[in-house]
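Each remark here refers to the structure printed beneath this line.
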């Protein structure tokens, strides 16, 4: 069971692209939230939000992953993850299903992939009709942190 | 890590810290038995526990130093600085090993041979008489003496019954702990575990009273009982209840120990210190004796032991009575006694702190604190909801919940409070070592060490404090010869003083050393380029001394290994400011230096002001807010600008302002229509009458006071400060974030960060600004006006009355276009003509052009100048009337000859229809003292005419509405001529003329109408109501001609 959980991923959409993160690292999935913006913060920080009394820092995944502004007028959803003891909310377009990919094999990132993507993607799953990139939450937030420090 | 080991580590670390301090105390006062006992006991415990846990290295070091201490204790060795140094060294070694243990859970490798050798040498060196091997004989005896043990066991359980009330958890812990303390090492004691207190090998026939009574443990129990019971005693309770619990127990422990050891002088001393009040006579002493006897019986002391003890108690009767007596005769002696108490209590209270409390992990407390914080927030939310509904059934329970929450919050906050003494614990040792190294004599006087503050704050100030004390010792205090030469005592003193003051803790660090030499600082500041010579010359000594807090000010190249004073003071300042504190310094050369640190009690829950900028809400901690000023046009305070720099005149100073909008990067530009606020801000300066206002938060960072302009101020709220996510930690303008009562998250602003962002170099400048402002203030006299000084053309200084200037702009040269042969710029959706100031050869070719903007009605023009110099308050007393166009004349402003420009001239240049040129230039000089009354509602116009008419030699009085003129008439004022505007709110010019001409003593005073309406119809009406002449506004020459004509006419008629 434990091993199968390790192969379960919460999927999400960002500009049509399917992304996944391990289900175990997801703490919460939220619909559109009131986000307080933080002036002077880096562009990929959307702001902070209140999750049941905890202050969660919202990460603008579009900005982080190099997509432009959202054009379809929809409201962002949040996936809350914890990184070094702090809660972060990944702002994405839409949350998809939870997939169990025990039988599938994760493939390496194609070398030609965008540098920014290669850093944060752990690998690629071939699904029916499309590809699923697995996000490495540690790197998404970790490298964000180091770039903030720089 | 193993729980047991963990426990051991924390406990031992604490004990070592205590021993550190106690040893220094002992060195100063070698005969203080209480201190020595305490040290000995702690070291002994460490050693015993090490053996128990199987830590050979630690044990051997502890053992060797215990040996030395044992010799001290038995009087076989003198307490010498050398010996103490070696013992301290052994403590350092123990600490080292402990830290190794903490990291690896095993003892680090190392050779303690030499250290142990030195310790042994000291132990052997002088104390040949008592050799360690002589002890084995006595030790088993103690372990074997079952009788006291039995009594102890009974006694240990007894107190519950004896006290007649349930014991508090801590009290049980005392007895248990003390027993555990003494018993745990017992079985593991090596045979030569020699110097356990009871084994003092004084050659004595038979067991002494001390041993017979059951040794230290039994005595501790008795002391505990007495200390608890006596304050509640009906007759003599009041004598004891005044002494704090901890201290009382320590004292009784001392008293009993001394009594049973038949150490008369010690008992006398302790007894005297216990009786701290007048009125303790023979009767009271008898009651005390009876009480003590009862306790002795209770712990099942043998009858003969009991009798002996009572006998020795009798011996201190006189001391007790005398002590009480002393208080009657000499109240002042209490100071001395208090000091005495302190010395005695020091060790005791430390001991108590460890034994009368339970150990709770910091994590648990933090969790509790967090949960309470959440509770507070939820409570706030509920309160807000209930407030919105009237007569809710929830009101009462929520009130109650609210109250309980508040109390809970306070309670939990208290658990985080620690006495500041904890942060000071290492200082005596540091000062001692420093004084040894530097060959100085330094006394460290620590006061108010029981003052409590949040442990988080405590942690943060520990290092700055240590640093400052080190500095004081190293660089403040002189060497003994120097001190003597200065006529001071050989001993330098460093005083640490902590106390509460209005939600803050004040910590003072004062030394009586050489103080800070302003000259050296001045030189250094100059070298480092922190200030120019001229700036320094204007600074007071205190301001110069404050350079030590400056970031760039490090005298690293200086003297000793610790280098010059001032090293790291900027770090100290930064650290203190980080926790919302402030630091100040007063230093008198030759007399000493005093630092004062002011820090908040706690960081967790603070009161904050909720403000907004660009529609976003932010919190500003109240502690950072000195005051709140509302600046509105027409009110006492308004925002002025010096070359685009907004400032506020606040009482006697000029306050630099920053716009929160700017700081936060909300766009603020002249053309940005998207930003309402920015436009508002500009408009405010433009239209003096626009009803808008700003809120200014006056804040202080170090010595730098500044104002933060915000759009709106809402409310104050208790907020729970939560740190920002690590990825945002570089945003220094936020000190945290929080959740408000309505559930929304807001950012907490950090004024330090704002100040930093505004101008990193400003901190030291504020003083200079102060003085300047003060100097300006001095020159302000009744009739002075604000003048804007600017430069245009070579060497000439020009001025214009500030009220005439609408705005000061810096316009990019590229934006200035040429149209119809003149310079224009697109300005707020219209074209604004730019006129060159007289003397200016041309516009700048690149960069930005400084422009003064003048506005009246629909007319807006820009006057291009070289640079804007200053705003001053002075008389615009025209000394020389100028014939040059565009110039009113020359005046002395700010001590220099300055040309006052004629705005009307430039307006006429810009707008043809605005002022028609005329050739005539007759104008007869009026007689001296010709009084003219000007009635005009436009401030601009009044300000424009004032210099003009003054220059022409008239004595001008201005009023801004018609009724004021009538009032003047009714007061009997006399004028030679009246100039009135026509179009005025309320009573207009026609009506006024009608009234004035009808009757009264002004009926024959000539009246001149000024109006922009110059149609024939208006002229006719004007004449009909009694105006003698009618002149178009802004026609300067026509006005002057008309005036002289009218006055002449009048003169002729008269």
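Here are the numbers for the structure shown:
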{"item": "Cα pair distances exceeding 27 angstrom across the stretch B:390-520, given as percent", "result": "40"}
{"item": "Between 0 and 90°, nearest 10: helix A:137-149 axis offset from chain A longest Cα axis", "result": "40"}
{"item": "Most to least packed among B:32-38, B:971-977, A:101-107, B:71-77 [average Cβ atoms within 10 Å]", "result": "B:32-38, B:71-77, B:971-977, A:101-107"}
{"item": "Size descriptor, Kirkwood hydrodynamic radius, that averages inverse alpha-carbon separations across the stretch B:362-415, Å", "result": "11.8"}
{"item": "Shielding of A:41-50 by partner chains, average beta-carbon count, 10 Å", "result": "5"}
{"item": "For the stretch B:931-1053: rounded, prolate or oblate by the Cα gyration tensor [a/c cutoff 1.5]", "result": "rounded"}
{"item": "Shape category assigned to the stretch B:419-600 from the gyration tensor of Cα positions, a/c cut at 1.5", "result": "oblate"}
{"item": "The stretch B:1-130: projected area of the alpha-carbon convex hull, averaged over directions, in nm²", "result": "7.1"}
{"item": "Burial ranking of peptide ranges A:131-141, B:990-1000 (average Cβ count within 10 Å, highest at the top)", "result": "A:131-141, B:990-1000"}
{"item": "Convex hull (Cα only) mean projected area of the stretch B:39-100, reported in nm² to one decimal", "result": "3.9"}
{"item": "Shielding by partners, peptide A:53-62 (average Cβ within 10 angstrom, other chains)", "result": "4"}
{"item": "Calculated [θ] (222 nm, deg cm²/dmol) that DSSP helices of n ≥ 4 give over chain A, each run adding -39,500 (n - 2.57)", "result": "-4500 deg cm²/dmol"}
{"item": "Length-normalised contact order for the stretch A:2-149 - Cα pairs under 8 Å, 6+ apart - percent", "result": "26"}
{"item": "Rg over Rh [alpha-carbon atoms, Kirkwood Rh] for chain A", "result": "0.95"}
{"item": "Estimated FRET transfer efficiency when R0 is 41 angstrom, pair residue A:7-residue B:367 (beta carbons, to 0.05)", "result": "0.75"}
{"item": "R0 of 41 Å, Cβ-Cβ distance residue B:1020-residue B:820: FRET efficiency to nearest 0.05", "result": "0.65"}
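All of the numbers you see were taken from the coordinates with simple rules; none came from a lab. Just so you know, these numbers come straight off a predicted model, no measurement behind them. Virtual Cβ from ideal backbone geometry, glycine too; neighbours counted across all protein chains shown.
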